[in-house]
Structure formats: structure tokens, C-alpha cells
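The values are calculated or read from the model by the stated rules, or taken from the named source; none is laboratory data. Not measured: the values here are computed from a predicted model. All Cβ positions, glycine included, derive from the backbone under ideal geometry; neighbour counts span all protein chains shown.
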Amino acid sequence: MDPSAHWKELNRKYYKFHQFNTITGEQKSLDFFYQRIAVSKWGGPLAATKNYNQVILMRTDDLLKDSIVFFSNNGKIISKAQYKEIDRIALFDFLEDEQLLLLKANGSYYIVDPFKGTKKTYDLMDQFKQQQILKGLIVNNGFVLMTTNFEFFYIPNAYEPQVHKMKPSNLTQEPENWQVIPPQKTQSGKVELLIANPDGGIIHIIEDEKWKIYYNKDKIVNEIDKKLPDLRNIKMISLSSNYKNLALLQYINQRWVVTFISDFFDSTDCKQIPIDLKEEDVKKEESAEKDISKIERPRRMLWCGDDCVALQLQQYLVLVSQDSYIKVKMSNPHFALKQEVDGIRILTQKKNEILRKLPEAYVNVFLPLSIKPGAQLHSAYESFEQKNPIEDDELRSKKTELGEAVNDCIKSGQFEINPEYQMKLLKAASYGKTFLGNQLIDPNLLNETCKYLRVSNALRRNGSVGGRVVTYEQVLQLIKNPDLFITLMLRYNLHYLAIEISRFLKFQIKQKSTIYTHWACCKVDSQMDDDQLCQIIKEKIKEEKGVSFTQIAQKSIEIGKSQLALKLLDNEQSLSKRIPVLIWMANYQQGNNNSYYEKALIDAIASKDSNLIYLVIMKFLKTDMDETYKFGILSQNPVAQAHLIYYLRNFDDKYLQKYLQYLKKYDECGLLAINQAYQQSNLGEKIRFLEFAQKYFEEESKDSFYSKILQEQIRTLTDLKQEVEREKKEKNKAIMEERPLNSIMEAFLSKDNIQLAQDFAKTYKIPERRFNITRVKALINNKNWEELERFINEKNKKNVSIPYELVADMLIKADQEERGLQMIMKMPDPEESCYMLLKIGQQRHAVQVAINNKKSQLIQDIRGSINDNQARAQLEMYLSQNQK
Amino acid sequence: MQNPNIPQYEFDITIYKDYLKNKIIALFETMPGNKQLILSQRVLQLLKLSIENKLLQESGIKKTLTIENITQIENDITQIFIIIPPKLDVTRKIAKMIKAANGPNNTYKLVFWPSRTILAKELLDQEGVLSSVEIKDFSFDLIPLDLDVLSLEMPDAFRDMMIDQDLSIYNYVADSINRIQIVMGNIPNIYCKGDGAKMVYDIIKVENSQSDQNQDSQEVESLIIYDRSIDLVTPMLTQLVYEGLIDEQFGINGNLVSLQKKVFGKEGQEGEEYQILQLNSEKDPLMYKVRGLQVASLAKYLYEQAKQQEAEKTEFQKEKQTQLNERIVQQAKKIKLEQESNSRHLNISGKIAENIKTISFYKLLSLEQGIINGDKSERTLDYIEAMIQLEMDLNKVVRLLALRSLVDGGLKQKPFDYMRREIVHVYGFKTIAFLNNLSKAGMVYKSDAKQLFFKLQEQFKLLNVDIRSDDTDPKDPAYTYSGHCPLMARLTEKVFDKGSWKPFKTQMQLINGFQLEPERPIKLNIPGKKPIVIVYILGGVTYGEIASLRLLGKQFNKEVIICTTNMTNGTKLISSLRERI
């Protein structure tokens, strides 16, 4: 198609119907007017099903019998999904990830895969059985719906149906029209609604946060908002692709008016243009309806670019800009529209087209009789190519104009759909560029243009399944969201294309791994030997980072290849992903699932992640397998053992006891029993547990200490118990409680009950030294200094069993410094004593010790460090006396 | 203000600090409006280390409670923000309180630091509160305690590794290393010593293979990972450098120490007798120099500094009358800060000196020195026995006993049983579980006839008797323990010196545990920049050890950055093994 054909002028701006391809498939006989049609964004497929809402006399829809049908770009059937229900449909449109959503009035819905034709059922549960759903609109991968009582609900993700109620709309009758702004495009970061209020103005709802009315002077109190225009009888609302511009269709005084508002809710000015929507040469169906606003009401109003809207009538398309409009009669009465980021896609029974505003560059080059530099360069190149070069010296010599020309050719190449013309334009640009050097033009522009054109042409692959009719501009948008981009290609198993494009555009590891994982998940389904299959998958993927073998394995299990799954799982690097799958596999396959747990446990230990080990342990313990078997598996590794013990200690004491016995860890059993004993408040119970403990310890010969000490403790407690029982009979006497043995003895000593203490010490075999030291402690506490002196002298007579420095320390802490120092001076080794006194700053005493013991050498040694006058004098005196 | 006494660090901790602050604020903003904050004591400490109180108040926190000090949740503020570690006893307590709180309007956000565990979640489920709380994870990651010290501040790390065999700690450490690598690039040389170090290394390796980071670090030359268990002797010894002594005597939490106002000659009002001080070389101009000095050198240094400051001041006052400009103002500020710092340290070190001049300190020190110098076991044990019988602080008694046992390669059956019986008799029967833990952790145990310490001491030259405690410019890392050199310092020295442990094969075999080093160590040569070496210690490091590593950094011209799970000392290590029956 000639680039200069099919232009429409709208007040000196040009719009063009650009044909991608003709329709050759079954779509030729599709009835667009009466059926439910959905066209996917980004040039994707078309879906159609019967519309039972319409009453049709003569049905011509055998093509859609009992099914939802998907058509590729050239109109061939991609797939069919069975669908016989005649419930009212509230929403029939594609989700962002290009699966079709069919929402029924009662809140149940299907998500249909256009490639496989499979459908999954979802349900919003009872909520909408009473108040049914009137209408819904897609938002990203979710939707917003309106019920029969005009309340709105938001489902952010259709795959996980969770219903968020929006602010009450306060509507009493059905609004003529409403639109949704997705959260990523709003300031609030939440989903927002614009509703045409039947009483005038627009209701603005921000999810569950805010309700407000605009453009209605009666309802507005806010001074600022009062300056906004008053807009009534709004029949349709349309938002531009960037969600910045608003167009309204109003019916005022028997006339249709289109209102343009940019910066809606903020700006006070709006442009209005009255239009005529009569289709005089189109035969309308007869009906009793007399209301013109209903008869003439367009089917849809969509933005085409940023400054024009298109209204879809029965056979006409009306293009309206802020200052003029034209009516275009469509050659084929059957057509469907889809708003794309840079225009409107138009599908008919014959053609697959896009309507876009022509950029200035394109107009410069192709406007008939254009004398712009772009046009000159283009025709100069054409002649050059035909080996019939014309005189273009003039253009070549004017660098500024040449630059402009090159730029225009490149930009036109970006805009052009037909590869043949693209090529010609780019060659022209390149031809011009040779005379230009790198001045006046972005040196990367040509390169970039070629790169993205290759991508958009590759994606187009006319007619084949998964091909999409995208423009250069759309590709630039898609690249900004690589996850979505890849998803759209993988939807149709275009693995090769996806990987080539992601390499070409240098996408991240994440996207590449998604592609490989998806590929492998498809691959496992093929009829091949498990080993071979595993080998092929490994071969392909081994160099790629981040591929999820877990996902692939999971897929294999779903299709019944569990052996393959195990093989694949061995390749999963990330153990934290692998283990849950193993557990899942174990549960998925009833019966012989032991090996999975064993494998899971080994993996969990290798992962060094305690959480995973606990996960396996917990799941494994919950199975109804034989206990000894469970214990056996869980004890094979010391780490697993430690984790099991820790888990049981905190969650199941009794089971722990069992397990420790199984392990023959009798000392641990014993300690556990001791622990339990000390949770008992009853003394008898406590003793009983300690007896258990002792039995365990007797089994264990490694460390006999525990058994002995327990024996003692049991004896002590039994004595205590008798004591307590005796005391209970005597009233007013404080009941004894368990205390450390030594402190009981100390209590006797504090009360100077020496005899009782001695008896006690004998009974419980308390060593004599401890008895003595405890006595010293009691004496100091009782400030019985004389007895202390006497006692220590007596006990330390032969050899020092009560260290003097310890007693000294206690005395000093009890504010008896002098007594303490005297104690130090008694130390058997005068050197040690002397240095200790020096260290604690007691020079006089230190000198005294040395002198008392006649240690001349020591005195010489410490001489240098004495700076206390008195001590020094004493020292010098001693020295001088002894020298004599 | 940049402190001129401190070298510029290449390793930029401000990134950590600011990031952490923003992260904390963002955390609280997930629950807009007024809220009450319930924390475990430990988390409160972390918050204090990371963010100013003012910022917390601005985030809508109306009151802060510690879980250890409350028995129920009050419903006066219905938004309740809880941050706790996923320890099961704490989780159980909070679950019970949530269940008991009769606040129909209460909303709970339960944040686990550093992340939830499957068991904590299971517990919440069993207690039936899982559905009524919103669970989140929050990691403080490595908290910068000083310009060259970062800590995860997980005081139970050693216990987790030795007793509970919980592997989470290795993951937390590996994660923190990976985050460093994301910022700084992959570290070319990794050295490991100890089994725990291997665990961490294995996790890093797996995570590296999945990471997008392909850049090799241009600043960080090496990462050395040590496991606390390769050297338990050093922490059992009393730290003798200034910062270490503050820790031993007053207990440092992170880098905060609470001191009696009396120490500074001030009278505290009742209930406010304590003052909290941040020990940080960024905030305190003298800290950089004084923290690694022994008390004897410290006094000398501070005295000289005071003289110099006074001289500067006089000089400055003369100058001041003639001109007044920005430089002068800065100068005045600097002098004032330094003088404040000087008098602060004089006060603290004065208090320390006072504590040192006691019999118990002198005795303790001479016992310790005796043990590592090869004194006979019987003498020490005899004294320890008396300490037990006098019922002195159990942690401190056991610390000494552990030192004896570690040096001797365990205790002989008879004294082992005897000591244990004495402990049980004096401190109560419940200590039996503690004793069991001590033996499990290889601290106090029955001798295995392998007496390695003295071989180790000889082969690695861990003893240097020529150390002078009043040296103000020490070189040998053995200075930090007055003669004993921490093993880590000697191992690190070998890496700095030869780039490898390979030439010391027989010596290295004396140390238990896994060992790893790069095949061909890569040397970073950046003109004008010191290469960074990160030393990561699992299970805790002492201030004394840090001081010794700093000395090495200076000597070999490397920028040593210390990372650890927690700051520790012998008493903290021992008390983490105690069991509450």
C-alpha cells in the first residue's frame, strides 16, 4: 500500500488507516456487530463468543457454536474453548497477560488461554449471588466490577480472587458510563474510578479511600472546584492511553458534544465541540425507541493518540479533535476496535489495520508534492537506487536541511509498517548521512531504529499463531516492561523468538531464565525416554543462571512423570526451592513416598538452612509411618538429630523422651527428666522425676557423676520432704524450701549452730575445707572478728587451706580494711604477700611484710617503686640499720 | 566533622548507617499512626545503636515497652508493633499475651529479627494467634559499632553453634557477607579457619552462583573467616586494653556503656544515677587512640594530651584576640571536644585503676598469667575450689575453671567430679544443666590426654614476656593481653605476611577444624589506597582481639575491618551457656 494513500485530514493534521495484512482465515465470516468480541492489546489475537444478551432473528454464528474462539492476526482460528452457558456476561476482555477473562453476572468467571484453548474456573463466592454483577472492566491482571445496586469492587489479581470493596458510589441509578485508572497510573497508587454521574458531573473514587464529585456546581462546596466547568448528561467517558487526557461525550439540548479536558480535576478550561452522529445512509434496525440519545449513541469512544478521539457508530467512524471532526464510512460494516498506545487497531472481516496520527516527519516525506528536504532526499535516493541519479547537490550542500531530511527519513521509517518502505526510508537516510558525517543528527538514532524495527518485524510474523501486529512505538513501550513482553511471547510457546529477542535487547538473567524454564516445562510433555529428556533439558540450560528446575520438576509430576521429576530436581541449585517440592511429591503420591522424605532431609541438611530441616522434620513426623522407621531416618545425621531434639524439646516433651531412649542417649533423657522435675511444684512429683532421671543415668556409664549427684539430691529432697511434712503439723512455722545444700549448712553456721552444721556436713559428706570456708563466711557476716582470727589461725596452722587473700578480700569488701591487710601479711610466702600489697597500693604494709620477714633482697627489689614517704622512711631506716 | 586524628576509611560505614536508619523508619511507616512498641531487651539495644530516639517518636511511637518487663498488653493504644527475635520462649510469651489481651480493636504487627523461623510460626499457629497478627521480617544486618567494627549483635551466636546446633546463624552471617559483596564487589581471596567458617563459606558459594554480581571488588582484598571455637583460651583471659577493661568492668552493649555519674564526679538524682556513653571514635576524638592502650600507657598518654591541649588553648587564646574567623571557631570547637574527651577518659580510667587495685583483680590476673605460663594445675584448682566454696560469682569462677581446663586439655576425672559436686552443692542443683553445656561446648570437660595449648603457644609464639604495659606505641599484638597473643592475630599476621597458611602446614594442623585459602592469592594494588581486609569472627570477638588486629593492620598497612556476630568476653561467653531450668 502506497504510503501516501488512505490519509484523512482533520484540520491540517493527518490520520492514516495503515493496513497490516488482509484477513484470509475464518474471521471472514465473523459477525462483529452482534457477537461478543474482545481484541487484545499489543496487536494480539481476537476472541469471540455468542452474545445471548442480543436478540437476533437470524443467527449467522455457527462459527461460534458452543465455544469461545480465538483468531490470529490473519483471521485463522488459533483455538476454541468449549462454552455453552447462556448466563449473562458482565465482562469479556483480555487480561494484561493476554489470557481472556469471562465474568458472569453471578461472580464466577473463567480465564481462558488463547493458545491452548484451555479454561480455568474461578469464583468470587457467594458475595455476588444476590447483588449480581452488571459490568466489569479489566485493570492490569485484575478487574473492577459494578453490581446491580451500583457498588464497585476491585479484584487486583484475577488468578487469586480477593475482593476489595471500594467506597460506596452513592448512585441511585445506573451510570451511563464509567472508566478505571490502574494503580500504577494514579497519584494515590491505588485504583481509581471515574463515573459519569446521572445528576451531572463525574464521581471520582479512590479505592477505599475517597469519594468526591467534580464538574457539578450543585454538589460542590470547595471554592477551587467551583471554578471547574459544569458538565452534565455525560454519556461516555474516555481516557487517553497515558491517562492524562479526558474526553467526554455529552448530549446537551438534543445535540452531541465532545468535551476535551486535560489535567482533569485541576484545570478550569475545557474544549467543547458539537458533532453530528447521524448515519443517514445506514439502515437502522427498526425499534420503538424514540430517544435520539439512545438511537444515535455510539458503541464506543476511544482515543487515537493524544489529541483525537474516535467514536464507533454502526458503520461510521467519527474522528473528533478539539476543533474539527470528520466522519469516515467504513468499507466493511463489521468492525472491532482496540485502543493502542499510539492509535486504534481496527479489525474487520477483511482487514487488520491501525489508525494513527501521522507524525510531521512522515507528512514531510510523503505528502504529495512535498518539497520538504525529507521528500527531496527520499526521491533522490529512489532515483539513485534506480541507477538514474538526479541532481541533488543542492540538498547535499545545505547541511542543516540535509540533517532534517535524514532525521525525517529515519522517523518515517520508524512509523512505517511495510518493511519494504521501511528499508527504502532507512537506506535514504543512510545515503543522506554519508554526506553529513556525524553532525546534526544523533549518531545512534539509525542503529537504534534498525534494532527495534527488527524486533517489531520479527514479532509481526503475519498470520502465524502468536504473531502480533505491533508498531515501532509499541515495541518501545513493551521493552520498558520486559516481564510482560516475555510473558506475551511465551503465551504462544515462542521460545526461540523470545530468547533471540532477549539476547538482542540484552535483557536480565531473570527474563532469560523465565524463558528457559517455560521451554523446559513444555518439553517435559514430549514423548521421550526420561533420561534422554533430562539430558536434553540439562544440555540446553546448564549455562543459564537462575533456571528453576523445581518448576520443571513440578510440571513433570503434574503430567505423571515422577521419575523424571526426581532426575530434574537433582539439578536444582537452590535447595530451598527443591525441598518443598520433594515434600509435596511425597504427599502427592500416596503410598510409596519414603524415599522423597529421605531425599528431602538430605537436601535440607545440605542447604544448611535450619528452617528447611525443621520443615522436613515436622512434615515427616505428621505422616502415619512407623515410629522406629521415622526415628531411623531422622537420626542418620547428627545435624538432623540435633534439630529433631530441639524441635521436640519445644513442642513435644513426651515424644522427645521416647526419641532419646531410641537413640540410647540416656544422659540426655536424664537431663530432660531433671528439667521436667523442676517444672513440678509438688515435691513428691519432683522426686519421682528425679528418680526417672537417675535410672537413665545409671544406664549410661560414661559419666558416673550424674548418677551420684542425683542420688544425693534425691536423698536431700526426701529428707526435706519429711521435714516439710513434720513442719506442716506445727503451725506458724515457715515451710522450708529447696535450697543449695551449702546454703542450708551456712544457715546453721550463721546462727552459730555449729553442732547441727557439723551433723549436716557429715550426713551429706561435705568436705572439711568447704565447711571451714563457709564458717569463715558466716563469721565475717556476723562480724565476729575474734573468733574469725582464732578459727583461721587454727585451720591454717599446718598448711593454708583457707587462702588468706580470699579472706582479706572479703574483709576489705566488708569495710574492714585493716583486718584485711593483716590477713594478707599472714600469707606464707612473704614475696607474694608483699607484691600483692604493693599492687593494691598498700606500700607501708608491703614494706612491713618485707621487714618482718627480713627479706633484704625483696626490700631492694621494691625500693624503686615506693613513693609513700612513711613507707620509704621505714624502708631506708631498715636498710641503713642492717648495713651497719 | 572529620576527626583529623583518624585515618580516612575506604570501607564506608555511613552507607550502612543511613540505610539502616531509613529501613527502620520505613518499617514503622508500614503501620501509620500512633502505636505502642513492644520489644525484647535485645532489640531495644539494637534500636538504640541504630537510630535516635527523636526519629522514633516522629514515627508515631507513643510508648516503648520491653517484653521482659511486662506481663500483659494494654489496650490503650490499639496499634501494637512488636519486634522480637524468633526465640521460642519469647515468641511463646508474646503469643500468650496477645491471646489474653482483650482488645477487639487491636491490630498487631509482629516483626521477627532477623527473620521468622518455621518453628516460631508453628508456635504462633499452635497458640492460635497466627491469623490475628501480621508477620514481617526485619534484619538490622551488620550494625556499625565503630568506623571499623560491624556486628550482627546476636549474643547467643556461640551457644547456637555449640549447644543448639542451630544453623540459622551461619545463614545470617553468609547473608551479611553477600550484602557486602553486592556493594563492594566479589572479594577475591577468602580464608577460613574452623568448622563454622566452612558452613558460612559453603552458603556463600551457593548464593554467589545465583547472584547477579559479577564485579570483583577493587577495594576489598581478602575476607578471613574465623570460628570462635578455634581459640577459646583468649576470651577467658582478662582483657587489658582500655576498651576491653571497660567491657570487663562495666559491660559494653554494642558500643554503649552505662556508667555511674559518680565516676564523672557528678551527683545523679535518684533513679538517674547512670549515664549512657557511646564509645565510638567518630564521636569521641580521643577514642581512636586510647581504646587500644593498657591502663598504664593510657595514664601517661592522657597526661601528655592534657598538657598539649592546654598549650594549644593558651596559644589559641592569644591568637583569638587578633582575628576571628571560621577556622578559629572550628579550632575552638576541636579543643573543647578534645578536652572534654580527655577528662572523660581520665575519669573512667581512674575508676578502672581503682578497681584494678583490689586483691581479687590482682589475684585473678596472677592466676591467669600463671596458667598460660605453665604453672601447675593443682595450685590454680585449689584456689578455684576455694572461690566456689565462698560462692563467688559463678560466671567468673567458671571462666577461670574453663581457662584451666582449656589449657590443660580438660580436667582429670577426680578434680572434674569434685569441682562439679562443689558447684552443684554451692550454687544449687539446677546448675547441672549448665555443667552439661560446658562440657558439650568443650569448655570444662574430662581430659582427653591431648594437651595442645603449649604446643600451640610455642609454634605460634603466643607468649611474649617482653611486653611493656606502659608502651604508648605498641607493635606486637601480644601487647593487648599483656604477653599473650590472640591466636587470630597470629593467623592473620601470617596471611598478611605470606598471603597463605601453606608454609605453616604442621603448625596449622594443631588447630582443629576446616581450613581454606585461595590457591593463588590475588594482591590488590591501588596506588594511594590501603587494601581492605575483612576479618569476620563467628561466635564473638573481644575488644582485646580487635585491638590486636588493629595493630596488625597498622603494621602491614592494611585497612582491617572487623565483622562479627557479637562482641563478647569470657563472662558473656560463659553466661550464654547457662541454662534456665
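What the table shows:
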| read-out | value |
| --- | --- |
| Pick from the stretch B:430-467, criterion over 30 Å from A:PHE705 (Cα atoms) and under 26 Å from the mean Cα position of the chain (by Cα), ranking: nearest to the other protein chains (Cβ to nearest Cβ) | B:ILE467 |
| Cross-chain or 6+ apart pairs with Cβ under 6 Å, the stretch A:283-298 first and in contact (Cβ under 8 Å) with a residue 24 or more places away in the chain, then surrounded by 11 or more Cβ atoms within 10 Å (Cβ to Cβ) | A:SER293/A:TYR251; A:GLU296/A:LEU277; A:PRO298/A:LEU311; A:PRO298/A:GLN312; A:PRO298/A:LEU313 |
| Near pairs, Cβ below 7 angstrom, 6+ apart or cross-chain, from the stretch B:155-167 (within 11 Å of another protein chain (Cβ to nearest Cβ) and within 16 Å of B:THR117 (Cα to Cα)) to any residue that is surrounded by fewer than 20 Cβ atoms within 10 Å (Cβ to Cβ) and of a type in the set (Gly, Ala, Ser) | B:GLN165/A:ALA642 |
| Failed criterion for B:GLU282 (all others in (1) surrounded by fewer than 16 Cβ atoms within 10 Å (Cβ to Cβ); (2) assigned to a loop (DSSP other than H, G, I, E, B) hold) | (1) |
| Yes/no for A:PHE705 being farther than 25 Å from A:ILE766 by Cα and surrounded by 15 or more Cβ atoms within 10 Å (Cβ to Cβ) | no |
| Residues satisfying the stated conditions in the stretch B:528-570, i.e. part of a loop (DSSP other than H, G, I, E, B) and in contact with a helix residue (DSSP H, G or I) (Cβ under 7 Å, 6 or more places away or on another chain) | B:GLY539, B:GLY540, B:THR542, B:LYS558, B:THR565, B:ASN566, B:THR568, B:ASN569 |
| Checklist (1) out of contact with any helix residue (DSSP H, G or I) (no Cβ under 7 Å at 6 or more places or on another chain); (2) within 14 Å of another protein chain (Cβ to nearest Cβ); (3) part of a helix (DSSP H, G or I); (4) surrounded by 15 or more Cβ atoms within 10 Å (Cβ to Cβ) applied to B:LYS414, failing item | (4) |
| Matching entry among A:ALA606, A:ALA586 (being more than 24 Å from B:PHE434 (Cβ to Cβ) and within 14 Å of chain B (Cβ to nearest Cβ)) | A:ALA606 |
| Among the residues listed as A:VAL800, A:VAL807, the single one being surrounded by fewer than 20 Cβ atoms within 10 Å (Cβ to Cβ), aliphatic (A, V, I, L, M), within 12 Å of chain B (Cβ to nearest Cβ) and under 30 Å from A:ASP752 (Cα atoms) | A:VAL800 |
| Test: residue in the stretch A:750-773 that is under 14 Å from B:LEU390 (Cβ atoms) and away from chain B (no Cβ under 12 Å) | no |
| Qualifying residue in the stretch B:490-508 (condition: in a helix (DSSP H, G or I), among the β-branched types (Val, Ile, Thr) and in contact with a Phe, Trp or Tyr (Cβ under 8 Å, 6 or more places away or on another chain)) | yes |
| Residue that is surrounded by the fewest Cβ atoms within 10 Å (Cβ to Cβ), among those in the stretch B:544-577 that are among the hydroxyl-bearing types (Ser, Thr, Tyr) and either within 27 Å of B:LYS440 (Cβ to Cβ) or at pLDDT below 95 (or both) | B:SER575 |
| Matching entry among A:LYS219, A:LYS190 (being buried (at least 17 other Cβ atoms within 10 Å of the Cβ), at pLDDT below 95 and not in a strand (DSSP E or B)) | A:LYS190 |
| Only one of B:ASN208, B:ASN171 that is surrounded by 20 or more Cβ atoms within 10 Å (Cβ to Cβ), in contact (Cβ under 8 Å) with a residue 24 or more places away in the chain, of a type in the set (S, T, N, Q) and not in a strand (DSSP E or B) | B:ASN171 |
| Output for the stretch A:762-783, where each listed residue is crowded, with 16+ Cβ neighbours inside 10 Å, in a helix (DSSP H, G or I) and not hydroxyl-bearing (Ser, Thr, Tyr) | A:ARG769, A:ARG770, A:PHE771, A:ASN772, A:ILE773, A:ARG775, A:VAL776, A:LYS777, A:ALA778, A:LEU779, A:ILE780 |
| Counted residues, the stretch A:822-839 - those being at the interface with chain B (Cβ under 10 Å from one of its Cβ atoms) and surrounded by 22 or more Cβ atoms within 10 Å (Cβ to Cβ) | 4 |
| Members of the stretch A:609-634 that are more than 14 Å from chain B (Cβ to nearest Cβ) and part of a loop (DSSP other than H, G, I, E, B) | A:THR623, A:ASP624, A:MET625, A:ASP626 |
| Close pairs from the stretch A:244-266: first in a loop (DSSP other than H, G, I, E, B), partner polar (S, T, N, Q), Cβ under 7 Å, at least 6 apart | A:LYS244/A:SER262 |
| Filtered residues of the stretch A:516-556 (kept if farther than 22 Å from B:VAL206 by Cβ, of a type in the set (S, T, N, Q) and part of a loop (DSSP other than H, G, I, E, B)) | A:SER526, A:GLN527 |
| Residue under evaluation B:LEU256, criteria (1) within 14 Å of chain A (Cβ to nearest Cβ); (2) out of contact with any Ser or Thr (no Cβ under 7 Å at 6 or more places or on another chain); (3) not small (Gly, Ala, Ser), criterion not met | (1) |
| Tally of residues being over 21 Å from A:ASN481 (Cβ atoms) and surrounded by fewer than 19 Cβ atoms within 10 Å (Cβ to Cβ) across the stretch A:151-170 | 9 |
| The stretch A:259-270 - residue that is at pLDDT 90 or above and of a type outside the set (A, V, I, L, M) and, of those, surrounded by the fewest Cβ atoms within 10 Å (Cβ to Cβ) | A:THR259 |
| Out of B:LYS334, B:LYS262, B:LYS313, sole residue that is under 30 Å from B:VAL149 (Cα atoms), of a type in the set (Lys, Arg) and touching a residue at least 12 places away in the same chain (Cβ under 8 Å) | B:LYS334 |
| Subset of the stretch A:837-851 [assigned to a helix (DSSP H, G or I) and more than 22 Å from A:LEU879 (Cβ to Cβ)] | A:LYS839 |
| Test: residue in the stretch A:653-669 that is within 12 Å of chain B (Cβ to nearest Cβ), in a helix (DSSP H, G or I) and of a type in the set (A, V, I, L, M, F, W, C) | no |
| Answer residue from the stretch B:1-54, given it is in contact with a Pro (Cβ under 9 Å, 6 or more places away or on another chain) and at pLDDT 90 or above and is surrounded by the most Cβ atoms within 10 Å (Cβ to Cβ) among those | B:VAL43 |
| Tally of residues being farther than 22 Å from A:ILE273 by Cα, modelled with pLDDT of 90 or more and not charged (D, E, K, R) across the stretch A:313-344 | 3 |
| Candidates A:LEU644, A:LEU663 - the one that is more than 27 Å from the chain's Cα centre (by Cα) and modelled with pLDDT of 90 or more | A:LEU644 |
